[in-house]
């Protein structure tokens, strides 16, 4: 089959061990992202299969109408709002998704929290500038760590936070709250207290129509002046411009983010990057070798299963 893989920023997919699963197929890999309809059509017009890396490329109805050869979309990870599933179903295009352990993303969240609390990047940069210590950081132990969402990664962060000595509590939908209770984690008394009393708020929600913009400006305004907000999940969980404005107002006092409204972010074009109280990383959450082997491996398996008539992990 003719397979197109866009958005391989690091040119790493062809070097993965699991890439051998696509031997025998005609595979074209692109190392960048295009956004205009014309550019996308040119890139995908001959594709029978598109393998998507998370939400890096949006597949909407206008694009699908111009891709008559497309039969399958195989998604690394879970499908979110970037694919028009109704249009796919109407056109008979099969969409399949995959899974991973989430461990790499949980680890990146811990890295962001610790680096932000200890002013780590600033201190390393000072050393390279020929200077010595310039700030006094804070530890995670003893802090009130609020985890918003109790899925696979949220659960891991609760466990890690407990090991570090943080006072962990959880907020989220009722099913998440019940699961966290069963596992012995404290539940915040209310949404308002979750935001106002947490020293750290870590967002761990999947992006869907119910969670899009679920964090509002009024939530951020409740946070302490020395609180930290961490978002390595999805930028769209937060109301547009709300975090930028909140950081300028000083509530919360600091943020660490790994996700942005428009990616990739080139030339430091996102306004968050220019804020002195925001630690920004280039969406590294799941970008880890073992994780890639798992995510892409499942995406490739989905295609081979489709060819055999054994469709697995189907969304539509």
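The values are calculated or read from the model by the stated rules, or taken from the named source; none is laboratory data. Keep in mind that what you see is a predicted model, and the values were worked out from it rather than measured. All Cβ positions, even for glycine, are placed from backbone atoms using ideal geometry, and neighbour counts span all protein chains on display.
Does residue 258 count as touching a helix residue (DSSP H, G or I) at 6+ places or on another chain (Cβ under 8 Å), surrounded by 21 or more Cβ atoms within 10 Å (Cβ to Cβ) and closer than 23 Å to residue 82 by Cβ? In short, yes. Looking across the stretch 69-123, the residues that are within 15 Å of residue 299 (Cα to Cα), at pLDDT below 95 and under 14 Å from the mean Cα position of the chain (by Cα) come down to 77, 78, 79, 99, 100, 101. Taken together, 225, 181 contain a single residue that is surrounded by fewer than 16 Cβ atoms within 10 Å (Cβ to Cβ) and more than 27 Å from residue 138 (Cβ to Cβ), which is 181.
Please determine whether any residue of the stretch 55-63 is in contact with a strand residue (DSSP E or B) (Cβ under 9 Å, 6 or more places away or on another chain), surrounded by fewer than 18 Cβ atoms within 10 Å (Cβ to Cβ) and not in a loop (DSSP other than H, G, I, E, B). Lay out the reasoning, then the answer.
Step one: filter the stretch 55-63 for residues in contact with a strand residue (DSSP E or B) (Cβ under 9 Å, 6 or more places away or on another chain), giving 55, 57-60.
Now drop any that are not surrounded by fewer than 18 Cβ atoms within 10 Å (Cβ to Cβ), which leaves 58, 60.
Narrowing the set further to residues that are not in a loop (DSSP other than H, G, I, E, B) leaves none.
Checking the stretch 55-63: not a single residue is in contact with a strand residue (DSSP E or B) (Cβ under 9 Å, 6 or more places away or on another chain), surrounded by fewer than 18 Cβ atoms within 10 Å (Cβ to Cβ) and not in a loop (DSSP other than H, G, I, E, B).
Answer yes or no as to whether residue 296 is touching a residue at least 24 places away in the same chain (Cβ under 8 Å), in a helix (DSSP H, G or I) and touching a strand residue (DSSP E or B) at 6+ places or on another chain (Cβ under 8 Å). Considered against the rule, which asks whether it is touching a residue at least 24 places away in the same chain (Cβ under 8 Å), in a helix (DSSP H, G or I) and touching a strand residue (DSSP E or B) at 6+ places or on another chain (Cβ under 8 Å), residue 296 comes out as yes. For the stretch 298-315, a residue qualifies if it is surrounded by fewer than 19 Cβ atoms within 10 Å (Cβ to Cβ), within 23 Å of the chain's Cα centre (by Cα) and over 15 Å from residue 93 (Cα atoms), and exactly one does: 301. Looking for something in a loop (DSSP other than H, G, I, E, B), touching a helix residue (DSSP H, G or I) at 6+ places or on another chain (Cβ under 6 Å) and in contact (Cβ under 8 Å) with a residue 40 or more places away in the chain - is there at least one such residue anywhere in the stretch 262-284? Taking every residue of the stretch 262-284 in turn, at least one turns out to be in a loop (DSSP other than H, G, I, E, B), touching a helix residue (DSSP H, G or I) at 6+ places or on another chain (Cβ under 6 Å) and in contact (Cβ under 8 Å) with a residue 40 or more places away in the chain.
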